[in-house]
Amino acid sequence: MNLKTAELALLLGLTPRRINQLAEEGVTVRTGHGEFDGPASVRNYIASIANKAKDGEAAYDKEREEARLKKEQADTQELKNAKLRKELLPVEEVSRVWSEQVSSIRSGMLAVVSRVRQRISLSVEDAVILDEEIRDAMTKLADGVDIYDADLGDLEEGDGDPSPASENQSVRMDGKGNPPT
C-alpha cells in the first residue's frame with residue numbers, strides 16, 4: 001500500500017521533510033516520487049526507534065558503570081590517602097590494644113576488694129558482697145557487647161578464626177590516633 005509523503009508524515013507524526021530525511025537514511029521505503037511503501041516504512045521506522053532506545057540504554061548503562069568505577073577509584077584513593085596520613089589503624093592492632101585494655105580494667109576491678117580490705121576494716125561477708133557486685137557489673141557490661149557483631153565479619157564455620165576478609169580491614173582514626181566522632 002503506497003502512501004504519499006504527507007500521508008506517511010501524518011501517520012507517523014512527523015513532517016514531510018523528516019520523512020524524506022528518513023528515506024535518505026534508508027528507513028522509509030520510497031516507491032516513486034513522493035510515494036512510499038506504507039507498511040514497510042512503518043515497520044522500519046518502528047525498528048529504528050527501538051534501536052535508538054537500545055543504544056540509549058546501552059549508553060546509559062555505560063555511563064552508570066563509568067560513574068561507579070570512578071567512585072570506586074576515588075574511594076580507593078581516599079583510603080590510600082587516609083593510610084598515608086595515619087588516619088587508619090589495622091583492625092588486628094586495634095583489637096589487640098582493646099583486649100589489653102579490657103584485661104587491665106578487669107584485673108583492676110577484681111583487685112578492688114583486696115585493696116579496700118587492706119585500707120578499711122571490711123568483714124569477709126562484706127568483701128564477698130562487694131566482689132559479687134563488681135563481678136555482676138562486669139558481666140552485665142560484657143553481655144552488652146557482642147564482639148562478633150562488630151565490623152570484623154562473621155566467624156568461619158567451625159574454625160573459630162575471624163574471616164580472611166576481616167584480617168585486612170582498617171579502623172579510621174583522626175590525626176591524633178582517636179576514632180572520629
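FYI, it's all coordinate maths here, none of it is from the lab. Bear in mind that the values here come from a model prediction, so they are computed numbers and not experimental data. FYI the Cβ positions are ideal-geometry reconstructions off the backbone, even for glycines, and counts take in every protein chain you see.
Taking all pairs of different Cα atoms in the stretch 42-82, averaging 1/r and flipping that mean, what Kirkwood radius in angstroms comes out?
Answer for the stretch 42-82: a Kirkwood hydrodynamic radius of 12.4 Å.
For the stretch 2-77, the residue among 77, 60, 50 whose Cα projects farthest onto the positive side of the dipole built from Cβ charges is 50. Charged side chains reduced to their Cβ positions (Lys and Arg at +1, Asp and Glu at -1) give the stretch 22-131 a dipole of some 660 debye around its Cα centre. Mind checking the log10 I(q)/I(0) for the stretch 98-139 at q = 0.19 Å⁻¹? Debye, one equal scatterer per Cα, no solvent, two decimals. For the stretch 98-139 at q = 0.19 Å⁻¹, log10 I(q)/I(0) is -0.57. When each of 99, 121, 48 is scored by the number of other beta-carbon atoms lying within 10 Å, the sequence from fewest to most is 121, 99, 48.
Based on the Cβ-Cβ distance of residue 120 and residue 142, what FRET efficiency does E = 1/(1 + (r/R0)^6) give at R0 = 30 Å, to the nearest 0.05? Taking R0 as 30 Å, the efficiency between residue 120 and residue 142 is 0.60. Within the straight-line cut-off of under 21 Å between alpha carbons, the lysines reachable from residue 62 are 52, 54, 70, 71, sequence neighbours fewer than 8 places apart in one chain being disregarded.
Which three numbers, in whole Å and largest first, are the semi-axes of the equivalent ellipsoid of the stretch 2-77 derived from its Cα gyration tensor as √(5λ)?
For the stretch 2-77, the semi-axes come out at 41, 10, 9 Å.
Summing Cβ point charges (Lys, Arg +1; Asp, Glu -1) relative to the Cα centre of the stretch 2-77 gives a dipole of roughly 180 debye.
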